Amino acid sequence: MNLKRLLNDRIAAALEASLGEAAPAVVQSAARPEFGDYQANGVMGAAKRLKRNPREVAADVVARADLAGIAARCEIAGPGFLNVTLDDGFLATSLATSAPVEAAPEPETVVVDYSCPNLAKEMHVGHLRSTIIGDAMARVLEALGHTVIRQNHVGDWGTQFGMLLTFLDETGADSELLSDLETFYREAKKRFDADVDFADRSRRAVVGLQRGDPEIRRRWQRFIDISLSHCQEIYDRLGTTLRPEHVMAESAYNDDLDAVIADLDAAGLLEESQGARCVFLDEFKGKDGETLPLIVQKSDGGYLYATTDLAAVRYRARRLEADRVMYFTDARQALHFRQVFAVAGRAGFARDGMSLEHHPFGAMLGTDGKPFKTRAGEVVKLIQLLDEAEERALAEVTRRNPELPEAERREIARVIGIGAVKYADLSKNRTSDYVFDWDQMLSF
């Protein structure tokens with residue numbers, strides 16, 4: 001249903017009945033909220049053309065217009081304009097019964113890669129845009145009839161986990177610090193940066209993790225379970241469709257990484273540079289004109305994000321049979337994904353006709369124009385941001401409707417607070433940075 005067209009037809013019919021000849025209603029969106037939802041500006045011009053009193057014609061049009069059940073009010077303003085305010089019940093019913101979107105003529109299997117937090121610590125505001133934008137796209141694609149496969153490529157592997165496991169050894173297996181992963185990570189990082197022996201033991205723990213040491217794997221799994229439970233709490237509060245079964249972590253590809261390197265070598269793509277194994281493609285050059293490497297194996301034999309991402313492309317092509325893979329990460333990773341996609345194509349990891357797409361987004365900034373942080377200069381935990389959104393919404397709801405029961409005020413605040421966070425993000429240009437302003441976000 002096109003509301004403007006509906007109003008235009010109804011008011012034009014009333015205008016023709018009043019004037020005895022056809023005349024355009026000229027319906028448009030209201031210029032200001034106090035004028036209602038729509039304005040009909042055609043009455044005055046038609047009346048003047050026929051040398052009739054515009055306000056008298058406007059009154060007759062209002063009396064004749066068939067707007068029952070559509071408009072809550074249709075009022076005359078100025079010399080003969082009509083201000084139309086839609087009926088809330090009509091809007092609700094129209095949305096609930098609107099026709100479904102037209103299905104895609106050729107449905108595809110689409111992998112949507114989004115959210116993807118680092119499980120060494122709690123989710124922060126930097127994960128908000130990927131989670132919200134990716135989930136919105138997954139829903140849209142499903143509504144269009146595509147088969148959507150959600151993939152949460154969480155970071156659960158690498159040096160930081162050796163650091164955490166080693167710090168856990170020092171603080172005790174039942175460390176109370178684990179209740180706050182962010183604090184635990186910060187303390188472990190301090191030890192890693194300041195103590196050479198601690199750093200060496202952390203690296204050895206990584207080797208044990210990669211080799212499948214049962215005790216190290218057991219303690220590592222504890223971190224993963226705690227961190228994923230934090231993530232799911234966030235997903236549930238945001239109302240996203242991400243579930244535990246959508247997690248396809250970096251560690252899931254570990255057994256395939258040797259094969260990725262072997263296949264790159266067999267394709268003649270590998271070169272050694274300062275002990276590391278890299279792929280150099282001529283289309284990627286730095287400012288100095290030198291070809292930029294995609295490093296796939298470090299000099300110590302360790303693997304990197306690029307190696308895991310290549311394994312993921314191959315899995316999504318061969319096992320998931322994806323026609324299209326969409327990655328939602330911030331714009332800083334644009335070069336990384338261009339290189340990964342190009343190498344995957346050259347190595348035959350991506351199927352012919354398979355579309356690999358990076359959909360970058362801008363950063364969330366504070367009102368000072370810098371990355372959004374706490375007053376103490378720390379990265380804001382995502383759970384804290386959602387808590388504050390609900391608290392601020394509750395204060396506003398209480399100010400406006402203090403007579404409502406507390407439970408009802410809190411539920412309204414939850415809906416408004418979480419909805420405002422999501423709308424503040426989705427209403428912005430995806431590729432632009434935007435300022436996160438509490439007052440603007442919760443403005444009614």
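FYI, it's all coordinate maths here, none of it is from the lab. In this text the structure is predicted, and so the values were computed from the model without any measurement. A quick note on method: Cβ atoms are made from the backbone with ideal geometry, for glycine too, and the neighbour counts reach across all protein chains shown.
Do any of 121/190; 381/422; 189/370; 189/381; 121/189; 190/381 go past 21 Å between their Cα atoms, and which?
189/370
Going by Cα centres, the range 397-420 and the range 237-298 are how many Å apart?
Cα centroid to Cα centroid, the span is 48 Å.
Just how far, in whole angstrom, is the range 1-50 from the range 98-120 if you go by their alpha carbon centroids?
Between the Cα centre of the range 98-120 and that of the range 1-50, the gap is 40 Å.
Between residue 415 and residue 190, take the C-beta separation as r, use R0 = 60 Å, and let me know the FRET efficiency to the nearest 0.05.
Rounded to the nearest 0.05, the efficiency is 0.90.
In a Gaussian network model over the chain where Cα atoms closer than 10 Å are linked, find which of 418, 226, 70 has the largest mean-square fluctuation.
70
Which of the three applies to the range 150-253, rounded, prolate or oblate, going by the alpha-carbon gyration tensor with a ≥ b ≥ c and a/c under 1.5 meaning rounded?
It comes out prolate by the Cα gyration axes.
Classify the range 293-341: rounded, prolate or oblate, from the alpha-carbon gyration tensor (a ≥ b ≥ c, eigenvalue square roots; a/c under 1.5 rounded; otherwise prolate if a/b is larger than b/c)?
Since a/c reaches 1.5 but b/c is at least a/b, the shape of the range 293-341 is classed as oblate.
Starting from the amide H of residue 72, placed 1.01 Å from N in the peptide plane, find each other amide H under 5 Å away whose residue is 5 or more places distant or on another chain.
Result for residue 72 returns 85, 86, 87.
If Lys and Arg each add +1 and Asp and Glu each add -1, what is the summed charge of the other residues whose beta carbon sits under 11 Å from the beta carbon of residue 44?
Taking every other residue near residue 44 into account, the sum is +4.
Extending each Cα 7 Å along its Cβ direction at residue 169 and residue 367, get the distance between those two points in nm, one decimal.
Going by the 7 Å Cα→Cβ label model, 4.8 nm.
Could you name the aspartates and glutamates in cross-link range of residue 285, using Cα to Cα under 19 Å and dropping any fewer than eight places away on the same chain?
Hits, sequence-local ones excluded: 271, 272.
Return the distance in nm (one decimal) between the two label points of a simple spin-label model at residue 396 and residue 204, each offset 7 Å from Cα along Cα→Cβ.
5.6
Can you give the extra length, in nm with one decimal, that the chain gains between residue 94 and residue 226 once fully stretched, where that is 0.36 nm per residue apart less the Cα-Cα distance?
Contour length minus the Cα-Cα distance gives 43.2 nm.
Using the Kyte-Doolittle scale, which helices in the chain average at least -1.0 and also have C-alpha atoms spread 30 Å or more along the helix axis, with helices defined as whole DSSP H runs?
Passing helices, by number: 214-238.
Applying the Karplus parametrisation 6.51 cos²θ - 1.76 cosθ + 1.60 with θ = phi - 60° to the phi angles of the range 106-111, what ³J(HN,Hα) value in whole Hz is obtained for each residue in order, glycine and proline being reported as x?
Ordered by residue, 3J(HN,Hα) equals 10, x, 10, 9, 10, 8 Hz.
Let me check I've understood the local charge: for residue 161, count other residues with C-beta under 12 angstrom from its C-beta, Lys and Arg +1, Asp and Glu -1. What total comes out?
+3
Note down the magnitude of the dipole of the chain about its Cα centre, charges +1 on Lys and Arg C-beta and -1 on Asp and Glu C-beta and zero elsewhere, to the nearest 20 debye.
1220
Once you put a point 7 Å from the Cα of residue 319 and another 7 Å from the Cα of residue 273, both along the Cβ direction, what distance in nm separates them?
In this crude label model, residue 319 to residue 273 measures out at 3.0 nm.
Assuming a ≥ b ≥ c are the square roots of the Cα gyration tensor eigenvalues, decide whether the range 205-274 counts as rounded (a/c under 1.5), prolate (otherwise, with a/b larger than b/c) or oblate.
Here the range 205-274 falls in the oblate category.
By how many nm would the segment from residue 282 to residue 384 grow when fully extended, if each residue of separation counts as 0.36 nm and the alpha-carbon distance is taken off?
32.2 nm
Round to the nearest 0.05 the FRET efficiency obtained for residue 355 and residue 403 when R0 = 51 Å and r is the Cβ-Cβ distance.
0.40
So which lysines pass the test for residue 48, namely a Cα distance under 30 Å, with those fewer than 8 places away in the same chain ruled out?
In chain and number order, the partners are 4.
How high is the relative contact order of the chain, in percent, counting Cα pairs under 8 Å that sit 6 or more residues apart?
12
When the label point is put 7 Å from the Cα of residue 290 along its Cα-to-beta-carbon vector, which residues of the range 325-340 have a backbone N closer than 20 Å?
Zone members listed by number: 335-336, 339-340.
Using a Förster distance of 22 Å, how high is the FRET efficiency between residue 338 and residue 427, based on the Cβ-Cβ distance and rounded to 0.05?
For residue 338 and residue 427, the calculated efficiency is 0.20.
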